[in-house]
Amino acid sequence: MASADSRTVPSPDAATGKIVVAGGFGVGKTTMVASVSEIAPLRTEELITATSAGVDDLAGIEGKSTTTVAMDFGRITISRDMVVYLFGTPGQNRFWFMWDDLSRGALGAVVLVDARRLDVSFAAVDFFEHRGIPFVVAVNCFDGRQVARVDEIATALDLPPGTPTLLCDARDRESVKEVLLTLLHHVLKAATA
Amino acid sequence: MRHWSEDSWDAQQGGPIVRPYALTQGRTTPSRPDIELISMVSTVRLPGRTTRLQPEQLRALALCRTPTAVVEVAAHLALPVCVVKILLGDLLDHELIALSSPDASAATDVRFLQAVIDGIRRL
Ligand SMILES: Nc1nc2c(ncn2[C@@H]2O[C@H](COP(=O)(O)OP(=O)(O)OP(=O)(O)O)[C@@H](O)[C@H]2O)c(=O)[nH]1
Ligand SMILES: [Mg+2]
């Protein structure tokens, strides 16, 4: 992590982009964001109403039906003119509407999976597939263990053909860089197709 | 209902839901639709003596002397994003901040994508 004072200060009209890191509960999303972010991941909240008119709306806040949902994010200042934010989405499926808000305008998404618990990331795969948002699947190898082959995981997740799938270590900066580069090349390919 | 200024509400711990509502003086949507999670906010001038602002808005102005994204302002103020958007909308209306919103087509902008790729390689 770069120290705060060595940070390149962005210009007021810097272009910004976001990448979503999704996946089920406890698969290593926050760890992945922390590995490449120049700041320790920050946490913020959004208010949700049960009747939800959407997360951008405070209506109904006085009722009992309001809850908050936390998301965390990190930052990569590419240059004075460009800053990329990485968002770790809430792991619980019931917060899927939060993903909608987060993924609007996103460059793409990383669906992080734990090979021992593939099922907790099914919802994330469905979400990005149905919305046509380019994504890659990164298999977090907890403790360096590889419990399944990449092609077996791709089959089990029923991934659309051509979805890049790779093993990673969410704690390792170089490994996470590789995941992000794989995603960005995938997005680039979609953009130029 | 307690007013926000009457307690030292620690947002890190969560808190009474009435406070954000009071902070926005009952408003539930921002005055501007174009304030997004990753819009860049920068302070352009300091408020005049007669401009009435909330302490949170003054803190946002101090923070955004270095251009800062909306979501980061929310994290630093420990307030929900939707509340912060409303507070920033006021600052925009007072022309105290400038807002630069993300290009919706960034994901298909080849030059943008290539620059991000080059930047991440250099990390
Ligand atoms: N051994 C090992 N532990 C990891 C790895 N990645 C994450 N962890 C640990 O697994 C736990 C969960 O990781 P988080 O990054 O908090 O996961 P998350 O997806 O953000 O979790 P939620 O936000 O609660 O859904 C933490 O205790 C991490 O330290 C890994 O690659 N190897
Ligand atoms: Mg997390």
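The values are calculated or read from the model by the stated rules, or taken from the named source; none is laboratory data. The model shown is predicted, which means the values in this text are computed figures rather than measured ones. So basically every Cβ, Gly included, is an ideal-geometry build from the backbone, and we count neighbours across all protein chains shown. Please note that ligands, DNA and RNA were not included when accessible areas were found on the heavy atoms of the full protein model with its side chains. Shrake-Rupley method; radii C 1.70, N 1.55, O 1.52, S 1.80 Å.
Before moving on, here are some points about what is shown:
The rows are residues; the columns are (1) within 16 Å of ligand 1 (Cβ to nearest atom); (2) of a type in the set (D, E, K, R); (3) at pLDDT below 95.
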{"site": "A:A4", "(1), (2), (3)": "no, no, yes"}
{"site": "A:V21", "(1), (2), (3)": "yes, no, no"}
{"site": "A:V33", "(1), (2), (3)": "yes, no, no"}
{"site": "A:M82", "(1), (2), (3)": "no, no, no"}
{"site": "A:G91", "(1), (2), (3)": "yes, no, yes"}
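- Residue in the stretch A:171-184 that is within 15 Å of A:V125 (Cα to Cα), open to solvent by less than 70 Å² (accessible area, probe 1.4 Å) and either under 17 Å from the mean Cα position of the chain (by Cα) or at pLDDT 95 or above (or both) present: yes
- For the stretch A:127-143, the candidate set comprises residues that are more than 12 Å from the chain's Cα centre (by Cα) and assigned to a strand (DSSP E or B); within that set, the residue that is surrounded by the fewest Cβ atoms within 10 Å (Cβ to Cβ) is A:N140.
- Listed conditions (1) facing another protein chain (nearest Cβ under 7 Å); (2) more than 11 Å from the chain's Cα centre (by Cα); (3) modelled with pLDDT of 95 or more are all met by B:I38, apart from (2).
- Evaluation of A:D101 against (1) at pLDDT 95 or above; (2) among the acidic types (D, E); (3) over 21 Å from B:D118 (Cβ atoms) (one fails), failing number: (1)
- Complete set of residues in the stretch A:35-80 that are of a type in the set (G, A, S) and at pLDDT 95 or above: A:S35, A:S37, A:A40, A:G74, A:S79
- Any hit, the stretch B:65-86, residues being away from chain A (no Cβ under 12 Å) and surrounded by fewer than 20 Cβ atoms within 10 Å (Cβ to Cβ): no
- Looking across the stretch B:90-113, the residues that are free of Cβ contacts under 8 Å to residues at least 12 places away in the same chain and within 7 Å of chain A (Cβ to nearest Cβ) come down to B:D103, B:A104, B:A106, B:A107, B:T108, B:V110, B:F112, B:L113.
- Sole residue being away from ligand 2 (no atom under 16 Å from the Cβ) and farther than 26 Å from B:A115 by Cβ, chosen from A:L183, A:L157, A:L166: A:L157
- Any chance A:S103 is touching a residue at least 40 places away in the same chain (Cβ under 8 Å) and within 16 Å of ligand 1 (Cβ to nearest atom): no
- Taken over the stretch A:150-165, the criterion of being crowded, with 17+ Cβ neighbours inside 10 Å and assigned to a loop (DSSP other than H, G, I, E, B) is satisfied by A:L157, A:L159, A:T163, A:P164.
- Cβ-Cβ distances below 8 Å connect the following pairs, each with a first residue in the stretch A:131-158 that is at positive phi, a second residue that is surrounded by 12 or more Cβ atoms within 10 Å (Cβ to Cβ), and a separation of six or more residues or different chains: A:G144/A:D169; A:D158/A:V125.
- Any chance B:L91 is open to solvent by less than 20 Å² (accessible area, probe 1.4 Å) and within 17 Å of B:R27 (Cα to Cα): yes
- Hits in the stretch A:13-39 (condition: of a type in the set (A, V, I, L, M), within 13 Å of ligand 2 (Cβ to nearest atom) and surrounded by fewer than 23 Cβ atoms within 10 Å (Cβ to Cβ)): A:A34
- Number of the condition not met by A:V147 [criteria: (1) of a type in the set (V, I, T); (2) open to solvent by 30 Å² or more (accessible area, probe 1.4 Å); (3) modelled with pLDDT of 90 or more]: (3)
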